[in-house]
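The values are calculated or read from the model by the stated rules, or taken from the named source; none is laboratory data. Please read all numbers here as calculations on a predicted model, not as lab measurements. Using ideal geometry, Cβ is built from the backbone for each residue, glycine included, and neighbour counts are taken over all protein chains shown.
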Amino acid sequence: MGFDIRMPIGALFSVLGLLLSIYGAITRGSEIYALHSLGLNVNLWWGLVMLFFGVGMLSLTRLRGTRSADSRNSASQESTERR
Amino acid sequence: MRPEPQWIDYAVILIYFAFVLGIGYVLKKYMKTSADFFLSGRSIPAWITGLAFLSANLGAQEVIGMGASGAKYGIMTSNFYWIGAIPAMVFVGIFMMPFYYGSRARSVPEYLKLRFDEKTRGFNAISFAVMTVFSSGVSMYAMGKLLQLLLGWNFNGAILVSALIVLAYTFLGGLTSAIYNEVLQFFLIVMGFIPLVFLGLKDVQGWAGLKARLANEAMAHSWKYMANANDNPMGVEWFGMIMGLGFVLSFGYWCTDFLVVQRAMAANSMTAARRTPLIAAFPKMFFPFLVILPGMIAGVAASSQLPQAGVRLSEVPRTPPQSSFFVGGRGIIPPKYDAEGKPLLRDGKVVLDYDLATPMMLVRFFPSGLLGVGLCALIASFMSGMAGNTTAFNTVWTYDIYQSYINKTASDGHYLWMGRFATVFGLGVSVVAAYVAKGFNNILDVLQLVFAFVNAPLFATFMLGMFWKRATGHGAFGGLLSGTAAAAIHQGLTLPRGSPPGLKGGYLGSVVHLYPSEMAQNFWTAIFAWCTCFLATVIISLFTRPRPDEELRGLVYSETEKPKELGLRWYEKPLPLAVAVVVLAMALNVIFW
């Protein structure tokens, strides 16, 4: 029903990932990382991971859209060939 | 000690809210019939219903409660997953889903009506409806309190905003909206908690370092110290664990609770419905690492770098002294405070606020930015728990109460309208319940105790209903009533060690047995309730008239054709999936023995 759920998931994580990694890049060397995350710039790194995940989800949406059209085509080809 | 979320944290949360509302808004145009609204038109693919099946249960109780339990009992808490949830999830997928999905029942109470009779359905429907509304209120209260304590947010504001957002998206998009948002929440929790566990483990030098620092060796093992209840922190012995938690309570929850079963009923085919709990079981068995480990780490992590109340993060010196907030606490788990702001003492020991274990981990290890994602995951779990309760409530209310007893012959459009009305009404009552919980904690405790009594025997009724065709409606109803009564009596005659008689038990005057812990008492209450219900159902059934076999087609195992799975690859079939789940779960039990 409705739309492909991978679209909003992909979009949400792309947006959040982008936001976080930009914020991480700006705040590089800030004391918040020493204070909290053991000196690791987790905003930058985890932001990039989230961005990759989001883009991956989005590309799955696109892929599936074309693949299901393809398989429908090939199925109809098969049936015509059999005839 | 309050962290001050920065604009970036609020931005993350606002973006999440926008997506949640957007999903509801887009789905609105698909809600044409009541079946679309309550059952998603039975059209959702298995991987989505599977993740929703998992997420609907992943509410506050899970994320906060399992962290708290991890801090208290250690990796033993994983028994709630590896012996609790997983076998029950396999059972409901393989053996019970054919009857839930195959009977075309629209709800769990409706299955009871088809299989047994009206009174059994009525009992289940009404108790379930009341229960969901109140538990949704309790989780709202928990969220309001937590956000107030942790971030200084306004209690009323937190409750109203979350209730309105949940209302908006379930009102617009019904069950589909709830399911889609549950899937979103699943990924948010995974994405929010993986870095938390990573940083936490890094801080304590990995699993070995964590083990070395635990207060008690037994906290690092899930089974090793369970031969005797006094040897392990839970105070439970293996038989009570396996029968009480593993069998009665877990099967009762995962196999009969409409909140989760509704997700599988929305699947687009019988095979998809059967695969739903199995697909959910794979991530489920790894969730202990995401939700229990943070609690365990919170109990041993160093708190020295945490800022004090009211101090801006930027003003905190690099190596501040031990924060006064944690004096008397353990690790980064703060003590509970009395009305005067002094740490609460019991028997000379500080009472720890274990529910803050996981939230404190977020505050400790996440800098602004990622903190927003972590808080978002927390809020998402509260909200989707609420949404799950709401969608289950409006379905049971509309189909099993309104359509069955109040207005039997209205148009489909009217029932769709009633479903939306029930959404508003149910959430409204939940908000009231949240304030009742705030003002009179005891009333809610009593109610939860009563619900526990009603729930304990349920699985016996369903098991006999599905696998013994001789079971009758009178038998089922009598069994449920006597099982509930048995639970109340058992609780009334026993007491966990160290508790005064009252809500914890012993309210029937004399105490026949002392349990080492509250958990052991709960497990045994469930065992007694289940056995009583089982016996009473069998005995009453044998004295009452059975239904003819042809009426039981599709409802009872022996009268139903086995589901066929033609044209599926082996890994798409439920049975191989189930075997894989069981083998993996057993391996985890052995690894953390």
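Got a number for residues in the stretch B:371-412 being more than 21 Å from the chain's Cα centre (by Cα) and in contact (Cβ under 8 Å) with a residue 12 or more places away in the chain? Going through the stretch B:371-412 one residue at a time, the tally reaches 12. Among the conditions (1) within 14 Å of chain A (Cβ to nearest Cβ); (2) under 30 Å from B:Trp593 (Cα atoms), B:Ile86 misses just one, which is (1).
State all residues of the stretch A:32-52 that are more than 7 Å from chain B (Cβ to nearest Cβ) and not β-branched (Val, Ile, Thr); if no residue qualifies, say none.
Once the filter is applied, which keeps residues that are more than 7 Å from chain B (Cβ to nearest Cβ) and not β-branched (Val, Ile, Thr), the stretch A:32-52 yields A:Gly39, A:Leu40, A:Asn41, A:Leu44, A:Trp45, A:Gly47, A:Leu48, A:Leu51, A:Phe52.
Taken over the stretch A:1-25, the residue count meeting the criterion of being within 10 Å of chain B (Cβ to nearest Cβ) and free of Cβ contacts under 8 Å to residues at least 24 places away in the same chain is 6.
A single entry from B:Pro294, B:Pro277, B:Pro288 fulfils the requirement of being surrounded by 24 or more Cβ atoms within 10 Å (Cβ to Cβ) and farther than 22 Å from B:Asn389 by Cα: B:Pro294. Filtering the stretch B:403-443 to residues that are outside any helix (DSSP H, G or I) and either among the hydrophobic types (A, V, I, L, M, F, W, C) or on the phi > 0 side of the Ramachandran plot (or both) leaves B:Ala410, B:Phe440.
Being within 14 Å of chain A (Cβ to nearest Cβ), closer than 27 Å to B:Gly84 by Cα and in a helix (DSSP H, G or I) is the filter here, so list the residues in the stretch B:15-73 that pass it. Once the filter is applied, which keeps residues that are within 14 Å of chain A (Cβ to nearest Cβ), closer than 27 Å to B:Gly84 by Cα and in a helix (DSSP H, G or I), the stretch B:15-73 yields B:Ala46, B:Trp47, B:Ile48, B:Thr49, B:Gly50, B:Leu51, B:Ala52, B:Ser55. Could we say that B:Trp223 is farther than 28 Å from B:Ala434 by Cα and either in a helix (DSSP H, G or I) or not charged (D, E, K, R) (or both) here? Criteria met by B:Trp223.
No other residue among B:Val197, B:Val204, B:Val260 is modelled with pLDDT under 85 and outside the structural domain of B:Leu458 (by TED's automatic domain parsing) apart from B:Val204. The residue of the stretch A:27-47 that is nearest to the chain's Cα centre (by Cα), among those that are of a type in the set (Val, Ile, Thr) and within 22 Å of B:Ala298 (Cα to Cα), is A:Val42. Listed by first and then second residue, the pairs linking a residue in the stretch B:480-501 that is assigned by TED's automatic domain parsing to the domain that holds B:Ile527 to a residue that is of a type in the set (D, E, K, R) and assigned to a helix (DSSP H, G or I), with Cβ atoms under 7 Å apart and 6 or more places separating them unless they lie on different chains, are B:Pro496/B:Glu518.
Is it the case that B:Val511 is modelled with pLDDT under 85 and surrounded by fewer than 22 Cβ atoms within 10 Å (Cβ to Cβ)? It is true that B:Val511 is modelled with pLDDT under 85 and surrounded by fewer than 22 Cβ atoms within 10 Å (Cβ to Cβ). Of all residues in the stretch B:154-211, those that are more than 11 Å from chain A (Cβ to nearest Cβ) and of a type outside the set (A, V, I, L, M, F, W, C) total 10. Of the residues making up the stretch B:552-593, those that are among the β-branched types (Val, Ile, Thr) and assigned to a loop (DSSP other than H, G, I, E, B) are B:Val556, B:Thr560.
Matching residues to (1) in the same structural domain as B:Gly465 (by TED's automatic domain parsing); (2) within 24 Å of B:Met131 (Cα to Cα); (3) at pLDDT 80 or above:
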position	(1), (2), (3)
B:Lys211	no, no, no
B:Asn230	no, no, no
B:Glu237	no, no, no
B:Thr256	no, yes, yes
B:Ile279	no, no, yes
B:Phe282	no, no, yes
B:Phe287	no, no, yes
B:Leu290	no, no, yes
B:Gly295	no, no, yes
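Against the test of being within 12 Å of B:Ser136 (Cβ to Cβ) and surrounded by 19 or more Cβ atoms within 10 Å (Cβ to Cβ), the options B:Gly419, B:Gly426 yield a single qualifying residue, B:Gly426. Across the stretch B:130-141, not a single residue is classified as modelled with pLDDT under 90 and not in a helix (DSSP H, G or I). Residue check: is B:Leu172 in a helix (DSSP H, G or I), farther than 29 Å from B:Gly84 by Cα, within 25 Å of the chain's Cα centre (by Cα) and among the hydrophobic types (A, V, I, L, M, F, W, C)? When the stated conditions are applied, B:Leu172 passes them.
Test each condition in (1) closer than 17 Å to B:Met234 by Cα; (2) in contact with a Ser or Thr (Cβ under 8 Å, 6 or more places away or on another chain) for B:Ser517 and report the one that comes out false. All conditions pass for B:Ser517, except number (2). Only one of the numbered conditions (1) more than 14 Å from every other protein chain (Cβ to nearest Cβ); (2) in a helix (DSSP H, G or I) is violated by B:Met361, and that is (1).
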